[in-house]
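Enquirer: Quick one: the structure is below, questions incoming.
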Amino acid sequence: MIDLDIQTAGSTIGLDESLHKYLLSICPQEHAALFNLRQETAKHSMGVMQIAREQGHFMALLVQLMKAKRTLDIGVFTGYSSLCVALALPPDGEIVACDVSEEDTLVAQKYWQQAGVIDKIDLRLAPAIKTLNQLLASGQKGTFDFAFIDADKENYAEYYELCLQLVRSGGIIMIDNTLWLGKVVDSSIQDQETRAIRDLNKKLQDDKRIVLSQLPIADGVSLALKRI
Ligand SMILES: C[S@@+](CC[C@H](N)C(=O)[O-])C[C@H]1O[C@@H](n2cnc3c(N)ncnc32)[C@H](O)[C@@H]1O
């Protein structure tokens with residue numbers, strides 16, 4: 001069994017290993033399905049894409065605080081973020097979960113099933129921009145309480161604009177990886193993904209449509225509360 005408490009991937013940026021281990025030791029216990037899913041994802045070649053455990057607790061708290069019922073998960077991978085949210089939603093809660101990988105979302109479905117929340121999750125296997133536009137076209141503007149953006153970074157700005165339309169006033173958009181392992185402050189790094197994140201961070205700072213909080217949890221999380 002992999003020691004998930006000393007696994008450095010998916011931890012909070014800037015915390016050394018011993019402090020991260022301590023943080024996890026004082027976190028609430030994980031649901032068994034979440035633990036099992038982390039075990040399986042730790043063996044995946046792209047397992048580092050999974051959100052940090054402490055971030056999952058925070059997302060669960062947030063959706064409960066908001067009394068959220070309808071949420072979006074953009075970038076499912078093996079399902080950790082969606083499972084955290086699904087477990088926190090009421091029995092009639094719903095997640096529209098977007099991804100393009102059949103293989104990885106098969107793993108997600110296994111653990112959604114194990115946790116008894118699969119009926120809350122509407123998985124859409126298609127480019128997320130297409131799915132979000134379909135939701136808008138079918139009259140779902142302003143009907144979501146919460147959205148989590150964690151797919152391809154190049155499309156983050158577009159996901160944000162579409163989520164701003166889909167989320168209700170007072171709803172929250174959470175954007176993942178906004179510190180991007182520190183690459184955002186290294187001016188020699190000019191790849192498309194890093195530039196997309198820098199650009200979005202700048203845009204969020206000046207965006208009057210939202211109330212913004214930039215949090216240094218996990219790989220950086222931006223919280224945008226929709227004003228209008
Ligand atoms: C960082 S991972 C998501 C991690 C996930 N939130 C978790 O908690 O484990 C990013 C995911 O975005 C998906 N993705 C990449 N491009 C996409 C696109 N255009 N539309 C939808 N999903 C996409 C990838 O297949 C991958 O599973």
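All of the numbers you see were taken from the coordinates with simple rules; none came from a lab. None of these values were measured; they are calculated from a predicted model. So basically every Cβ, Gly included, is an ideal-geometry build from the backbone, and we count neighbours across all protein chains shown.
Enquirer: Shape of the stretch 30-112 from its Cα gyration tensor (a ≥ b ≥ c, root eigenvalues): rounded if a/c is under 1.5, otherwise prolate when a/b > b/c, or oblate?
Expert: It is prolate, given that a/c is not under 1.5 and a/b is the larger ratio.
Enquirer: Within a 10 angstrom radius of the beta carbon, how do C27, C163 rank from fewest other beta carbons to most?
Expert: C27, C163
Enquirer: Within the stretch 194-217, whose backbone N sits under 16 Å from a point 7 Å along Cα→Cβ of I129?
Expert: 196-197, 200
Enquirer: Return S82, S18, S101 ranked ascending by Cβ neighbour count within 10 Å, so the fewest neighbours appear first.
Expert: Least crowded to most crowded, the residues run S18, S101, S82.
Enquirer: If neighbour count is taken as other Cβ atoms inside 10 Å, put V96, V185, V211 in order from fewest to most.
Expert: Neighbour counts put them in this order, fewest first: V185, V211, V96.
Enquirer: Here's another thing I want to ask about it. Is the stretch 17-226 best put as rounded, prolate or oblate by its Cα gyration tensor, with a ≥ b ≥ c the root eigenvalues, rounded for a/c under 1.5, and otherwise prolate when a/b is larger than b/c, oblate when not?
Expert: Cα axes put the stretch 17-226 in the rounded bin.
Enquirer: Cut-off under 14 Å on the C-alpha distance; same-chain residues fewer than 8 positions from K21 excluded. Which aspartates and glutamates are left, in chain and number order?
Expert: Excluding near neighbours in sequence, the set is D3, D5, E54.
Enquirer: Kindly write out, for the stretch 176-185 in residue order, the coupling ³J(HN,Hα) from the Karplus curve 6.51 cos²θ - 1.76 cosθ + 1.60 (θ = phi - 60°), rounded to whole Hz, with x marking Gly and Pro.
Expert: In residue order, the calculated couplings are 8, 6, 7, 9, 6, 6, x, 5, 4, 9 Hz.
Enquirer: Dipole of the chain, Cα-centred, from +1 at each Lys and Arg C-beta and -1 at each Asp and Glu C-beta, to the nearest 20 debye?
Expert: 860 debye
Enquirer: Moving on to the next point. Residue by residue, what Karplus-based ³J(HN,Hα) values in Hz, rounded to whole numbers, does the stretch 47-52 have, using 6.51, -1.76 and 1.60 with θ = phi - 60° and x for Gly and Pro?
Expert: x, 5, 6, 5, 5, 6
Enquirer: If each DSSP helix of 4+ residues adds -39,500 (n - 2.57) and the sum is divided by the residues in the chain, what number results at 222 nm, nearest 500 deg cm²/dmol?
Expert: -12000 deg cm²/dmol
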